[in-house]
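Everything below concerns the one structure shown next.
The values are calculated or read from the model by the stated rules, or taken from the named source; none is laboratory data. Quick caveat: nothing in here was measured; it's all calculated off a predicted structure. Methodologically, a virtual Cβ is constructed for each residue, glycine included, from the backbone with ideal geometry; neighbour enumeration extends over all protein chains shown.
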Amino acid sequence: MPRTSPFKIGKHAVPLGRTKDIFLQVSQRYTGDPISLPIRVMRAHKPGPVVLVTAAVHGDEINGTGVIHELMFGQPLALTQGVLVLVPVINIFGFENQNRYMPDRRDLNRCFPGSEKGSLSSRVAHIIINQLIKHCDYGIDLHTAANSRTNFPNVRGDLSEPQVRRLAKAFGCELIVNSKGPVGSLRREATKVGCPTIILEAGEPCKIEPRVLEVGTRGVTNVLIDLGMLPGEPVRPAYQARVSKSLWIRSEVGGILRFHVTPGEPVAAGQPVATNASVFGKEQNVLVSPVDGIILGMTTLPTVKPGEPVCHVAIPNKSLRSVQKALNQAPDSSLGTRLREDLATNISVTEHEGDWAEPTQENNGF
Ligand SMILES: [Zn+2]
């Protein structure tokens with residue numbers, strides 16, 4: 001039933017048609033001063049769905065903070081119904097220290113739903129679940145890759161849940177990864193308590209990247225349009241594929257990499273993704289993709305030891321041929337095309353000089 005009574009978070013009530021910035025206390029400093037989450041609640045005149053957008057549950061993953069900032073900063077969103085709840089920082093402790101973790105060295109994104117009498121992180125998680133997430137109908141949690149890696153923007157969620165599937169499709173990323181998430185993660189536990197939630201994985205930690213801002217704001221807007229909370233038409237990607245399997249290509253020997261692919265690029269089985277050269281510039285080996293796939297993420301650090309991850313390859317439920325065809329038809333100005341170029345600007349990408357044959361329709365299904 002749509003809510004007409006004041007929408008409440010903690011002791012803060014927000015009536016219909018009002019926007020309020022509030023602080024929800026989740027912990028304390030050594031001095032006893034409160035530590036609080038900043039929350040903007042935007043409520044339309046008409047009751048409707050409650051959508052929660054969160055960022056920086058890993059304190060150094062601030063691309064999502066930038067996305068929420070952008071949603072707060074620009075033109076005020078003219079919601080036609082419902083409530084939009086924006087939380088730019090969930091892990092305040094990590095955010096302050098440019099660190100992924102909590103001060104008790106726990107990963108807050110493994111501590112949900114938490115407990116009232118548990119550890120520092122567990123108590124914070126408990127308050128967030130009970131005072132925030134349980135009041136919301138849908139969730140979008142914004143993440144980036146871990147240190148020294150970048151992710152081509154993709155959404156993840158438990159696609160066996162119809163409402164999660166709806167959000168994941170509506171957001172509008174090219175790649176949708178079917179994954180419940182680890183035990184204790186915000187998305188998994190929020191979905192369990194009745195707030196179907198997806199995550200966005202996009203870009204690098206410790207940065208606010210312009211194209212990721214564009215993906216994030218467009219994605220949240222697309223979801224709000226899909227739920228009837230904003231007017232307009234959603235922007236669709238060139239293609240959309242579901243990913244149920246992925247794998248990491250790892251380095252075999254220590255050396256310095258020359259990359260031959262960019263995030264988001266389709267790769268055929270056997271295609272070179274990086275050349276590993278010795279410190280004296282001698283080619284040691286060429287890493288190739290073992291499968292037809294799409295580069296979901298990659299290291300941004302070209303120095304590797306044996307076994308270190310180089311490229312994360314998604315195996316889509318669509319043929320590379322149809323993906324490549326859709327990408328060829330997309331204009332150069334499309335967000336997907338610009339993302340493929342921009343996310344690679346701080347990575348040295350060169351053509352592989354060797355006897356690798358360009359994929360043909362006969363040998364690999366392009
Ligand atoms: Zn994260």
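The residue that is surrounded by the fewest Cβ atoms within 10 Å (Cβ to Cβ), counting only those in segment 1-40 that are in contact (Cβ under 8 Å) with a residue 12 or more places away in the chain and among the aromatic types (F, W, Y), is F23.
Residues of segment 197-208 that are away from the ligand (no atom under 12 Å from the Cβ) and within 19 Å of L175 (Cα to Cα): T197, I198.
For segment 95-117, what are the residues that are over 17 Å from Q25 (Cβ atoms) and more than 15 Å from the ligand (Cβ to nearest atom)? Correct list: N97, D104, R105, P113, S115, K117. The one condition from (1) within 19 Å of the chain's Cα centre (by Cα); (2) surrounded by fewer than 24 Cβ atoms within 10 Å (Cβ to Cβ); (3) within 19 Å of T197 (Cα to Cα) that A146 does not meet is (3).
Taking residues in segment 149-160 that are free of Cβ contacts under 8 Å to residues at least 40 places away in the same chain, and partners anywhere that are surrounded by fewer than 24 Cβ atoms within 10 Å (Cβ to Cβ) and in a strand (DSSP E or B), the pairs with Cβ atoms closer than 9 Å and at least 6 places apart or on different chains are D158/N178; S160/N178. Tell me, please, whether a residue that is polar (S, T, N, Q), within 16 Å of the ligand (Cβ to nearest atom) and in contact with a helix residue (DSSP H, G or I) (Cβ under 7 Å, 6 or more places away or on another chain) can be found in segment 25-35. No: zero hits. When every residue of segment 75-94 is checked against the conditions, at least one turns out to be more than 16 Å from the ligand (Cβ to nearest atom) and without any contact (Cβ under 8 Å) to a residue 24 or more places away in the chain.
Determine whether segment 349-363 contains at least one residue that is within 22 Å of N63 (Cβ to Cβ) and at pLDDT below 95. Within segment 349-363 (the criterion being within 22 Å of N63 (Cβ to Cβ) and at pLDDT below 95), the answer is yes, since at least one residue qualifies. The requirement of being part of a loop (DSSP other than H, G, I, E, B), touching a Ser or Thr at 6+ places or on another chain (Cβ under 7 Å) and within 29 Å of T337 (Cα to Cα) is fulfilled somewhere in segment 157-179, by at least one residue. Scan segment 210-224 and tell me whether some residue there is among the charged types (D, E, K, R) and either assigned to a loop (DSSP other than H, G, I, E, B) or not assigned by TED's automatic domain parsing to the domain that holds D141 (or both). Looking through segment 210-224, none of the residues is among the charged types (D, E, K, R) and either assigned to a loop (DSSP other than H, G, I, E, B) or not assigned by TED's automatic domain parsing to the domain that holds D141 (or both). Counting only strands (runs of 3 or more DSSP E) that sit completely within segment 6-90, those holding 3 or more residues that are closer than 25 Å to H143 by Cβ and modelled with pLDDT of 95 or more correspond to 19-28, 34-43, 50-55, 83-87.
What are the residues in segment 97-130 that are surrounded by fewer than 20 Cβ atoms within 10 Å (Cβ to Cβ), touching a Leu at 6+ places or on another chain (Cβ under 6 Å) and in contact (Cβ under 8 Å) with a residue 60 or more places away in the chain, if any? Selection gives nothing. The selection criterion, being more than 16 Å from the ligand (Cβ to nearest atom), without any contact (Cβ under 8 Å) to a residue 40 or more places away in the chain and touching an Asp or Glu at 6+ places or on another chain (Cβ under 8 Å), holds for L287.
Identify, from the list V220, V164, V212, the residue that is surrounded by 23 or more Cβ atoms within 10 Å (Cβ to Cβ), among the hydrophobic types (A, V, I, L, M, F, W, C), without any contact (Cβ under 8 Å) to a residue 40 or more places away in the chain and touching a helix residue (DSSP H, G or I) at 6+ places or on another chain (Cβ under 9 Å). On inspection, the qualifying residue turns out to be V164. Out of all the residues in segment 136-144, is one or more part of a loop (DSSP other than H, G, I, E, B), within 14 Å of the ligand (Cβ to nearest atom) and over 22 Å from V243 (Cα atoms)? No, segment 136-144 contains no residue that is part of a loop (DSSP other than H, G, I, E, B), within 14 Å of the ligand (Cβ to nearest atom) and over 22 Å from V243 (Cα atoms).
Just one of the listed residues (D60, D33) is acidic (D, E) and more than 29 Å from the chain's Cα centre (by Cα), and it is D33.
Restricting segment 54-71 to residues that are within 10 Å of the ligand (Cβ to nearest atom) and hydrophobic (A, V, I, L, M, F, W, C), the residue that is nearest to R40 (Cα to Cα) is A55.
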